[in-house]
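Chemist: Below is a structure I'd like to ask you about.
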Amino acid sequence: MSAWPSLVPDRGAARTFPRRSRCPPPTASLLAAGLALLALLALRGEWPGALALTWLFNLVGTVDSSMSVSQGVRLEVQLGAAYFIPILVVPVLSPPTS
């Protein structure tokens, strides 16, 4: 059992959820966010490995997003009003392809 359920205020309630519906710690998301910030600093400071770090961030972020979507499909998660995130926000954040 990971340390993640211990972060929930009522530890007893966290144990009553089915095992398959528990979320793992968001380590990949935190890693992607940290790499994004580091890549931003590297690009701004013109570090020698800035481009490689940016590619690494993109790969980790893509794998993390793909795993999240596949887990949501597997567990039949209904997004409800949160559908606006992949439909509106993601295309706005995508870089132009010219």
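The values are calculated or read from the model by the stated rules, or taken from the named source; none is laboratory data. Not measured: the values here are computed from a predicted model. Ideal geometry is used to build each Cβ from the backbone, glycine not excepted, and the neighbour counts take in all protein chains shown.
Chemist: Within segment 58-98, can you find the residues that are in a helix (DSSP H, G or I), of a type in the set (A, V, I, L, M, F, W, C) and either touching a helix residue (DSSP H, G or I) at 6+ places or on another chain (Cβ under 8 Å) or touching a residue at least 40 places away in the same chain (Cβ under 8 Å) (or both)? Steps first, please.
Modeler: At the first step, the residues of segment 58-98 found to be in a helix (DSSP H, G or I) are 58-74, 80-93.
Filter once more, keeping what is of a type in the set (A, V, I, L, M, F, W, C): 59-60, 63, 67, 69, 73, 81-82, 84-85, 87-90, 92-93.
Val60, Val63, Met67 - these are the residues of segment 58-98 that are in a helix (DSSP H, G or I), of a type in the set (A, V, I, L, M, F, W, C) and either touching a helix residue (DSSP H, G or I) at 6+ places or on another chain (Cβ under 8 Å) or touching a residue at least 40 places away in the same chain (Cβ under 8 Å) (or both).
Chemist: From the list Leu38, Leu30, which residue is over 18 Å from Pro95 (Cβ atoms), touching a residue at least 12 places away in the same chain (Cβ under 8 Å) and aliphatic (A, V, I, L, M)?
Modeler: Working: Leu30 fails: touching a residue at least 12 places away in the same chain (Cβ under 8 Å).
Just a single option satisfies the conditions, and that option is Leu38.
Chemist: So Met1 passes all but one of these: (1) at pLDDT below 90; (2) in a helix (DSSP H, G or I); (3) loosely packed, with under 12 Cβ neighbours inside 10 Å. Which condition number does it fail?
Modeler: With (1) at pLDDT below 90; (2) in a helix (DSSP H, G or I); (3) loosely packed, with under 12 Cβ neighbours inside 10 Å applied to Met1, the lone miss is (2).
Chemist: Moving on. One residue is enough: does segment 30-40 have a residue meeting the conditions more than 13 Å from the chain's Cα centre (by Cα), loosely packed, with under 12 Cβ neighbours inside 10 Å, at pLDDT 75 or above and part of a helix (DSSP H, G or I)? Show your work before the answer.
Modeler: Step one: of segment 30-40, the residues more than 13 Å from the chain's Cα centre (by Cα) are 37-40.
Next cut, loosely packed, with under 12 Cβ neighbours inside 10 Å only: 37.
The next check asks that each one be at pLDDT 75 or above; those that pass are 37.
Restricting the remaining residues to those that are part of a helix (DSSP H, G or I) gives 37.
Checking segment 30-40: at least one residue is more than 13 Å from the chain's Cα centre (by Cα), loosely packed, with under 12 Cβ neighbours inside 10 Å, at pLDDT 75 or above and part of a helix (DSSP H, G or I).
Chemist: Next up: Any idea which of Val63, Val90, Val77 is of a type outside the set (Asp, Glu), within 13 Å of Ala28 (Cβ to Cβ) and surrounded by 10 or more Cβ atoms within 10 Å (Cβ to Cβ)?
Modeler: Values: Val90 fails: within 13 Å of Ala28 (Cβ to Cβ); Val77 fails: within 13 Å of Ala28 (Cβ to Cβ).
None of the others qualify; the one that does is Val63.
Chemist: Which residue is modelled with the lowest pLDDT, if the candidates are limited to segment 9-29 and must be surrounded by 12 or more Cβ atoms within 10 Å (Cβ to Cβ) and assigned to a helix (DSSP H, G or I)?
Modeler: Ala14
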